[in-house]
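Have a look at the structure below, then the notes.
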Amino acid sequence: MTDESTPTWEDVAHRYGRKIYNFAYRLTGNPDDAADLVQETLLRVRKGLSSYQPGSFEGWLWRITRNAFLDGIRRKKRRPESALPEGDHHSLGSSPSPDEVLSSIRLSDDVQSALLKLPYEFREAVVLCDVVGLSYDEIAEATDVPVGTVRSRIHRGRKLLRGMLTWPI
Amino acid sequence: MADLIFDPEEHGELFSAYLDGQLTPSEVAIVCELLDGSEEAIEEFRYLRSTRRALRLLPEFEVPAALLPDGHLGDRLSAYLDGELVSLEHRRVTKHLVDCADCRAELQELDRARIAVRSLPGVETTMTGEIPATPVPRRRRRIIAGAIGASAAAALLVGLAVGGGDEPVFVLDDLNARHVARASAEPGFAFLPSTIEVAAP
Ligand SMILES: [Zn+2]
């Protein structure tokens, strides 16, 4: 293990903080849950880094993230559902036209509320693949299921979404 | 090859995985054959592609800055003064120092503090009782430093720097070269911060 192969937790925070935040945001549609998850995950990463064995860092990190997320869900189970995020939470990149902004918000709200209707396993697989950008192998490692299961979940998730979205999108 | 009949239940999954670039070459061949053979397959493929694209085009939220460490150098400053950073991190730290007045000021204070500490008679033996025979391993030292917090270590060091004297002109390259030279010329020099950190509560 060298200093180059094991990042510091600050490095992890800066490199992955935004991904972790978006992972939770898309799974819950809720900025508070997303913020909680970032804090909890970084705490666990900080504790866990000293025992990290070089291997698939992404798999390791996202397994921690996902477990932190599920533990958080279990703790908060009785909390009432929060409203969907407002449009002004969206960060839309470099100055698109007002029309583009509006249609983009409408579409992303559409996709977001459809995501929230997916069964958890499908939603998780789709978010890890399409929002976080992990490979099937990394998702399998993070979620502790065979790659074939990952492939089937991603497809079934997208297929369900397809049925919920308003076409043409 | 026998003609494949497109079955959404059976083959849809191949389309999804194809879009993700996760198929074996022989599976890719099946996808191509299905797309050649049926309008229904092409339509299914297009729907899946658009759905996937809509997901991937979801705007990314900025993580609130308050959730992340502030990005300053913290306990890396001491290691920097010791000339102990590996070259990659050394470059990163130097780059940050060029841009960040806060960290430059902290580095300067740490530097003055350590000069003051080093000028105390016998300090290297009184802090821990003896000069360590071998350096504390890098890994452990970082954990100790992280555990007590950079600010605690800095406060301890600065606390010893009574009567700091005139404001020196701060030249980064200068300081850098001076400390690398000193760390290599005086073997005991590099051990000092770790022994102070270990002695802290
Ligand atoms: Zn700084």
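Residues of the range B:73-89 that are within 11 Å of chain A (Cβ to nearest Cβ), assigned to a helix (DSSP H, G or I) and farther than 15 Å from A:Pro7 by Cβ: B:Ala79, B:Ser87. Per the listing B:Ser26, B:Ser16, the residue uniquely assigned to a helix (DSSP H, G or I), away from the ligand (no atom under 16 Å from the Cβ) and within 14 Å of chain A (Cβ to nearest Cβ) is B:Ser16. Here A:Glu10 meets the list (1) within 9 Å of chain B (Cβ to nearest Cβ); (2) surrounded by 18 or more Cβ atoms within 10 Å (Cβ to Cβ); (3) at pLDDT 85 or above almost entirely, failing just condition (3). Evaluated against (1) open to solvent by 30 Å² or more (accessible area, probe 1.4 Å); (2) among the β-branched types (Val, Ile, Thr); (3) modelled with pLDDT under 90, B:Ile42 falls short on exactly one condition, (3).
For the range A:110-133, the set of residues classified as open to solvent by 10 Å² or more (accessible area, probe 1.4 Å) and more than 10 Å from chain B (Cβ to nearest Cβ) consists of A:Ser113, A:Leu116, A:Lys117, A:Pro119, A:Tyr120, A:Glu121, A:Phe122, A:Arg123, A:Val132, listed by residue number.
One residue stands out in the range B:94-114 among those that are touching a residue at least 40 places away in the same chain (Cβ under 8 Å) and surrounded by fewer than 17 Cβ atoms within 10 Å (Cβ to Cβ): the one that is nearest to the ligand (Cβ to nearest atom), namely B:Val98. Just one of the listed residues (B:Asp36, B:Asp75) is over 30 Å from A:Ala114 (Cα atoms) and within 15 Å of the ligand (Cβ to nearest atom), namely B:Asp75. All conditions but one from (1) within 13 Å of chain A (Cβ to nearest Cβ); (2) assigned to a loop (DSSP other than H, G, I, E, B); (3) away from the ligand (no atom under 16 Å from the Cβ) apply to B:Pro69; the one that does not is (3).
Among the residues of the range A:31-55, how many are touching a Pro at 6+ places or on another chain (Cβ under 7 Å) and outside any helix (DSSP H, G or I)? First the steps, then the outcome.
Restricting attention to the range A:31-55, the residues satisfying the condition of being touching a Pro at 6+ places or on another chain (Cβ under 7 Å) are A:31, A:35.
Next, from what is left, pick out any that are outside any helix (DSSP H, G or I): none.
The number of residues fulfilling the criteria is 0.
Taken over the range A:137-156, the criterion of being in a helix (DSSP H, G or I), more than 9 Å from chain B (Cβ to nearest Cβ) and not β-branched (Val, Ile, Thr) is satisfied by A:Glu138, A:Ala140, A:Glu141, A:Ala142, A:Gly148, A:Arg153. Assuming B:Glu60 fulfils every condition listed in (1) buried (at least 16 other Cβ atoms within 10 Å of the Cβ); (2) in a helix (DSSP H, G or I) apart from one, which condition is it? If we test B:Glu60 against (1) buried (at least 16 other Cβ atoms within 10 Å of the Cβ); (2) in a helix (DSSP H, G or I), just (2) comes out false. Among the conditions (1) more than 8 Å from chain B (Cβ to nearest Cβ); (2) at pLDDT 85 or above; (3) open to solvent by 10 Å² or more (accessible area, probe 1.4 Å), the only one that A:Pro54 does not satisfy is (2).
The values are calculated or read from the model by the stated rules, or taken from the named source; none is laboratory data. Note that the coordinates shown come from a computational prediction; the quantities given were computed from them, not determined experimentally. When we count neighbours, we look across all protein chains shown, and the Cβ atoms used for this are built from the backbone with ideal geometry, even at glycine. Ligands, DNA and RNA are stripped out before the accessible areas are found, and what is left, the full protein with its side chains, is counted by its heavy atoms. Shrake-Rupley method; radii C 1.70, N 1.55, O 1.52, S 1.80 Å.
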